[in-house]
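The values are calculated or read from the model by the stated rules, or taken from the named source; none is laboratory data. These numbers come from a predicted model, not from an experiment. In this analysis, Cβ positions are derived from the backbone assuming ideal geometry, glycine residues included, and neighbour counts consider all displayed protein chains. To get the accessible areas, we keep the full protein, side chains included, count just its heavy atoms, and leave off ligands, DNA and RNA. Shrake-Rupley method; radii C 1.70, N 1.55, O 1.52, S 1.80 Å.
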Amino acid sequence: MPEKRDYYEVLGVGKSASADEIKKAFRKKAVQFHPDKEGGDEAKFKEVNEAYEVLKDQQKRQRYDQFGHAGVGGASSSGGGGNPFQGFGGQNVHFDFGGGDFGDLGDIFSNFFGGGGRQQRPGQNRGRDVETSISLTFDEAIFGTEKKISLNLDAKCDHCKGSGAEPGFGSKECPTCHGSGQEVKVINSLFGPIQQAQTCHTCRGRGKVPEKKCTVCGGDGVRREKQDITVKIPAGVDEGSAIRLQGRGEAVADGVAGDLYVAIHVAPHKKFTREGDLILSEETVPMVDAALGTELEVDTIDGPLTMKIPASTQSGTDFKLSGHGVPHLRGEGRGAQIVTVRVETPRNLTKKQKELLEELKGSGSKKRGIFS
């Protein structure tokens, strides 16, 4: 995996650059590298966009300044092509990280993975692709799981093995299309009669028909039946991903089955949020503990652990817990968890507590503040 460049270097600005300077630098670089213009560079254009998406956001920029690329979920990013999930766990798994629209998944995967799907040979019948969805908990998406789904699909008839002919009988030339698989119809239009070729309605494009139709499927070669399918969900999938299972869609007589596309939906977590390969959370620390330093038990997706809070910790400070984030889909290891500490101001003080705070206030410089 190529090492990522510093985001400030990508935009050509210093680390003290203002938000306005970052925006101006981005616009200049975006125009320079836009792939639609002559001399553009798509890879550099994407790099510029990635840098700007982080540096324009105050919180992300703060984490980047403190932890580098690991603080903004960029450790697992990769510009490489290809499909990293080919043959995962015995199933052919493909992912679309573009999110949301599953109206034409074949085009989505072709665009994202360079046409990694099966190519249909000329004259080869292919069954219909099927789309469905699976809902996962936050933990299931992080660690991976198996889900079983049941779908009513066309499957090849066991009785005739998909031929459409009763066992012991063969096939003969289709009397309608005479073996071509197509029939020509004449359509009257404003410009006169027009001949139009379409799939033969008798043989459905096969060019042949059974000598005797299968007594189970009626010559169709397929039967509608309930199918139980196990879908293996790899660790690290996210909302908007999709898995493709080749050959698990609708079957067709004398051809190959279509594919099954499974859209992934992930339920939100009450404690954690996700940002790329990062898990984000917040913890509250009493004011005195933040001032003097303490040890705090924090929740992670792996269970509770103890985190050291140094003295003079300010509200909004981020702490990184390496290896407690999301597994990298395109490599080994995991991202980090970023814990943001919120310092809690005490309420309903007793008289003694107020006196102590007044004493502390009086002992410090008015300009510097109590804990400065």
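Each Cα pair under 8 Å and six or more residues apart adds its sequence gap; the mean of these over the residue count of the stretch 241-345 is a relative contact order of 25 percent. From the alpha carbon centroid of the stretch 258-281 to that of the stretch 177-203 is 49 Å. Taking the 1.4 Å solvent-accessible surface of the stretch 197-290 as the whole, the part contributed by carbon and sulfur is 46%. Exceedance of the 23 Å cut-off in Cα-Cα distance is limited, within the set Lys28/Lys320; Lys60/Lys271; Lys4/Lys46, to Lys28/Lys320. Between Lys147 and Gln227, full extension at 0.36 nm per residue minus the direct alpha carbon distance yields a gain of 27.4 nm. Heavy-atom accessible area with a 1.4 Å probe sorts Arg206, Arg5, Arg27, Arg244, largest first, into Arg27, Arg5, Arg206, Arg244. Amide H contacts under 5 Å for Cys200: Gln182, Glu183, Gly205, restricted to partners 5 or more places along the chain or on a different chain, H placed in the peptide plane at 1.01 Å from N. With both labels modelled 7 Å from their Cα along Cα-to-Cβ, the Lys361 to Lys212 distance reads 10.2 nm. The label point for Lys56 and the one for Lys161, both projected 7 Å from the Cα toward the Cβ, are 6.1 nm apart. Within the straight-line cut-off of under 17 Å between alpha carbons, the lysines reachable from Lys208 are Lys161, Lys172, sequence neighbours fewer than 8 places apart in one chain being disregarded. For the stretch 32-41, the Karplus equation 6.51 cos²θ - 1.76 cosθ + 1.60, evaluated at θ = phi - 60°, returns couplings of 5, 9, 4, x, 7, 9, 5, x, x, 9 Hz by residue, with Gly and Pro reported as x. Residues whose amide H falls under 5 Å from that of Val266, counting only those 5 or more places apart or on a different chain, are Leu136, Glu239, Gly240, with hydrogens built in the peptide plane.
Taken along the Cα-to-beta-carbon direction at a fixed 7 Å, the label points for Asn125 and Phe169 span 1.6 nm. Under 5 Å from the amide H of Phe319 lie the amide H atoms of Val339, Thr340, Val341, each residue being 5 or more positions distant or on a separate chain, with H modelled from the backbone and absent for Pro and chain starts.
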